[in-house]
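The values are calculated or read from the model by the stated rules, or taken from the named source; none is laboratory data. As the structure is a prediction and not an experimental result, all values here were calculated from the model. When we count neighbours, we look across all protein chains shown, and the Cβ atoms used for this are built from the backbone with ideal geometry, even at glycine.
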């Protein structure tokens, strides 16, 4: 039987930050301890926000290394770190992405997870996200047991949210209260970022088409 993974909130934040940066800024990966600290403490795409010290992050890295979830890379003058979450936890790529997002951003609906995963992995639709979440929830005890839980629908919410179990059991009622009390800024930021990306891509496409046709881009004089 596989031993269940059990992390502290700080260890979960460190591991998930490495998972995020590996996919969103691959040119800056592996991460130095300072870069990892900045990623853990950043003010966007994080729930809850944290103010970790260098010693706290370093201690979490050491524990994660012992568990085989983080590796230290050698070469150069600075020590850098990579994650081994997918293999260490024993899940497919898509499931690892969902766990990473849940560790970084807290409980989310399947639709929110699909949107927030855009820069990590492009799921075909929300139903495919739900399918992987169902697998994680129904994970057998031989493999270490469930890794996520579907929370009760919060008052006024249209959809149920999911939470990870890598830090132990989740207090569903406390999670619902936290969601009601917290502003929806994280979700709004994710949507704004997505719209900005799409707008930039559209502008680039229009400029290329205008150049090929010998026309001035919209808004510019002939």
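Among the residues making up the range 86-98, those that are touching a residue at least 40 places away in the same chain (Cβ under 8 Å) and either within 18 Å of residue 71 (Cβ to Cβ) or outside any helix (DSSP H, G or I) (or both) are 88, 89, 90, 91, 92, 96. Selection of the range 42-58 for residues being within 21 Å of residue 72 (Cβ to Cβ) and either without any contact (Cβ under 8 Å) to a residue 40 or more places away in the chain or touching a strand residue (DSSP E or B) at 6+ places or on another chain (Cβ under 8 Å) (or both) yields 53, 54, 55, 58. Here the range 68-83 is the region considered, the condition is being part of a loop (DSSP other than H, G, I, E, B) and surrounded by fewer than 17 Cβ atoms within 10 Å (Cβ to Cβ), and the residue that is modelled with the lowest pLDDT is 75. Condition first: closer than 28 Å to residue 125 by Cβ, in contact with a helix residue (DSSP H, G or I) (Cβ under 9 Å, 6 or more places away or on another chain) and not in a helix (DSSP H, G or I). Can you find one or more residues in the range 46-60 that meet it? Looking for residues that are closer than 28 Å to residue 125 by Cβ, in contact with a helix residue (DSSP H, G or I) (Cβ under 9 Å, 6 or more places away or on another chain) and not in a helix (DSSP H, G or I), one finds at least one in the range 46-60, hence yes.
Matching residues to (1) in contact with a strand residue (DSSP E or B) (Cβ under 8 Å, 6 or more places away or on another chain); (2) surrounded by 16 or more Cβ atoms within 10 Å (Cβ to Cβ):
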site	(1), (2)
112	no, yes
118	no, no
142	no, no
147	yes, yes
154	no, yes
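Residues that are in contact (Cβ under 8 Å) with a residue 40 or more places away in the chain and part of a loop (DSSP other than H, G, I, E, B) were ranked within the range 140-156; the one that is farthest from residue 108 (Cα to Cα) is 144.
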